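The values are calculated or read from the model by the stated rules, or taken from the named source; none is laboratory data. In this text, all values refer to a predicted model and were calculated from it rather than measured experimentally. No Cβ is skipped: glycine too gets one built from the backbone with ideal geometry, and neighbour counts run over all protein chains shown.
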Amino acid sequence: MTVFLILVSYLLGSISFGYLVAKRIKGVDIRKLGSGNTGATNISRVIGTKYAVLVLILDALKGLAAILLSSYLSGAMLVILLCGLAVIAGHNWPVFFAFKGGRGGATTLGVFMGLAPAATTVVFTIFILVIIITRYVSLGTIIAAISIPVSMFILHYPTGYIIFGLAVCLILIWKHIPNIKRLIKGKESKWGEKINIP
């Protein structure tokens, strides 16, 4: 059952809503435009904010679904956490789309909505505030990633959850290394900036 749930979670994560929405709405391969990622931020730059919101919600829901499914069918903390990791891995490296996906922010949000709603509220608030102040989604995601294990520690979540939060934090930061380099150079795109489709 454990292997089955992990596999299902990975395959669920591999459903690339960003790719599907961009293909359906504009007939383009989102992986070849902008940053090349299939996440909501690149969708907003290429085809518009309302579609980015849709993709964000769908990506978050698949993360939440993996947690709810594993909680219902197993209930074991280790299995639930492994399924959370698997759905994030599926989003980042989707088997259905040549292993080229997003950076995992929205799917991570969904995972933690299921695992730790109180900590998620804190983290998401920080994420939104950073974006409002700086208009850098990547910076908001990086700071939110760091705040995941910190908030879980402060709110006294189980040790396994905190370790999982730290692991996901490191994955998010690693996936955002190109953004960090652009932020340092002052070349990172801000929320709302558009990309012209050839």
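Assorted remarks:
- Residue check for Gly84: under 22 Å from Ile146 (Cβ atoms) and not in a helix (DSSP H, G or I): no
- Identity of the residue in region 90-107, in contact with a helix residue (DSSP H, G or I) (Cβ under 6 Å, 6 or more places away or on another chain) and in a helix (DSSP H, G or I), that ends up surrounded by the fewest Cβ atoms within 10 Å (Cβ to Cβ): Phe97
- Selection within region 45-63 - within 11 Å of the chain's Cα centre (by Cα) and not basic (Lys, Arg): Val55, Leu56, Ile57, Leu58, Asp59, Ala60, Leu61, Gly63
- When residues of region 171-198 are limited to those that are at pLDDT 85 or above and more than 22 Å from the chain's Cα centre (by Cα), the one nearest to Ser44 (Cα to Cα): Gly186
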